[in-house]
Each structure stands twice: as C-alpha cells, then as structure tokens.
Amino acid sequence: MHFFRSVTEDATKHKHSDKMKKISFVILVIAASFLSGFAFKAILTTQNQKSTKMKKVTGIGGIFFKCKDPKAVNEWYKTHLGFETTPYGTSFEWRDIDDSTKKGLTQWNPFPANTKYFEPSAKDFMINYRVENLEALVAQLKSEGVTIVDKIEDSDYGKFVHIIDVEGNKVQLWEPKD
C-alpha cells in the first residue's frame, strides 16, 4: 500500500507542478504582452513627436493697407459699416474656438499712402499673422532661407518680426501676450 500511496502522491505532486508551470507560463505571457504594449506605444509616440510639425500661424492678427486719407477711410467705415474706429483703425475681438475663455484680436489699420512701414515691399498692404512661438519659428524660417527683415521686437502687445514672402510682400509675424 505504501508503494501505491507514494505513486499517487508523486502523480498529485506532478499534476500540481504542471499546473504551477502552466500558471507561471500564462502570467509570463500576460506580463510580456503588457510590457510589449508599453514599448510599442513608446516607439509610436516617439515617432509621432518627431513627425509632428511645429504649429506656425494660428490666425490673422491684422490687415494693414495704404490709402490716400486714413482719417476719411476710418470715418467712411465707421459711418457705413459700423466700425468702431480710432485714429489707428479698429480691433475685432473674437474668442478661441478651443477655449472660449481666451479672447483674441484682429487689427484693421489704414496707413497713409506715403508710409515707409511696408518697406522693403512695394505693395500697398501688409498682413499680420498670429503665431504661437515666434523665436522657434524665426529660427526655422532662417534655416529655410526666408528673409527676416528685422530683429524680434518685444512690446506690450507681444513679440513682432517682419519677413518677406516669395512675392516680395512684407509680412508681420506676431506672438500675442493674450
């Protein structure tokens, strides 16, 4: 009887050992899958960060144009289109689409016909574009061979710089402080 008991005990121990091996194997496979998922996600995230381009222009900050009589133009737009003008034009206030608590402005400015402000461009207008990170954008534009007209200027309204586009238009880039 002792012989049968030891064979039975050995068989039971063997079954428990096999069961423990299977459980250990399953836990190992689950852990490996879990860790592989993290590694795969890290690789994809790194690749996406490398391929994500810097956000450049976020909107139009202003429209500036030459005219014979800025005062008369301001008055005409005030009378006929309801603009609330000052000697500098007007500002249109709007809210950010992603965060309605954030306000923004788009400036509308008539300039005298003889202004030098748009130089070196010979055009009668200049567009101001809102940007998110002016220093990084200027560095990138320089590396791409874009003509930077002046140095970044920091003012109460934000940071400004002027560039020349492919058509010779002077363009103002503005990183607002809003």
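The values are calculated or read from the model by the stated rules, or taken from the named source; none is laboratory data. Keep in mind the model is a prediction, meaning the values are calculated, not measured. Reconstructed Cβ throughout: ideal geometry from the backbone, glycine too, with neighbour counts over all protein chains shown.
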Scan the stretch 62-86 for residues that are free of Cβ contacts under 8 Å to residues at least 24 places away in the same chain and either assigned to a strand (DSSP E or B) or not assigned by TED's automatic domain parsing to the domain that holds PHE118 (or both) and report the count. 1
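Filtering the stretch 140-172 down to residues that are under 17 Å from SER91 (Cα atoms) and touching a Phe, Trp or Tyr at 6+ places or on another chain (Cβ under 8 Å), which residue is surrounded by the fewest Cβ atoms within 10 Å (Cβ to Cβ)? Can you show your working first?
Let us first name the residues in the stretch 140-172 that are under 17 Å from SER91 (Cα atoms), namely 156-158, 172.
Retained after the next criterion (residues that are touching a Phe, Trp or Tyr at 6+ places or on another chain (Cβ under 8 Å)): 157-158, 172.
Values: TYR157: 14, GLY158: 16, GLN172: 19.
Top of the filtered list is TYR157.
Just to be sure I understand, how many residues within the stretch 159-169 are farther than 12 Å from TYR129 by Cβ and in contact with an Asp or Glu (Cβ under 7 Å, 6 or more places away or on another chain)? Talk me through it step by step, then tell me what you get.
Here is the first cut: in the stretch 159-169, the ones farther than 12 Å from TYR129 by Cβ are 159, 164, 166-168.
Cutting the leftovers down to in contact with an Asp or Glu (Cβ under 7 Å, 6 or more places away or on another chain) gives us 159.
The total comes to 1.
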Tell me, yes or no, whether the stretch 129-150 has at least one residue that is free of Cβ contacts under 8 Å to residues at least 60 places away in the same chain, more than 21 Å from MET54 (Cα to Cα) and assigned by TED's automatic domain parsing to the domain that holds ASN169. yes
Determine whether the stretch 111-127 contains at least one residue that is surrounded by 12 or more Cβ atoms within 10 Å (Cβ to Cβ), within 24 Å of the chain's Cα centre (by Cα) and part of a loop (DSSP other than H, G, I, E, B). no
Looking for something touching a residue at least 60 places away in the same chain (Cβ under 8 Å) and farther than 24 Å from CYS67 by Cβ - is there at least one such residue anywhere in the stretch 159-176? yes
Output the residues belonging to the stretch 128-161 that are of a type in the set (Gly, Ala, Ser) and assigned to a helix (DSSP H, G or I). ALA136, ALA139, SER143
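Counting only residues that are touching a strand residue (DSSP E or B) at 6+ places or on another chain (Cβ under 6 Å) and over 26 Å from PRO70 (Cα atoms), which one in the stretch 128-137 is surrounded by the most Cβ atoms within 10 Å (Cβ to Cβ)? Spell out the reasoning first.
Step one: list which residues in the stretch 128-137 are touching a strand residue (DSSP E or B) at 6+ places or on another chain (Cβ under 6 Å), which gives 128-132, 134, 137.
Now narrow it down to the ones that are over 26 Å from PRO70 (Cα atoms): 131-132, 134, 137.
Details: VAL131: 24, GLU132: 13, LEU134: 20, LEU137: 22.
Going through the qualifying residues, I end up with VAL131.
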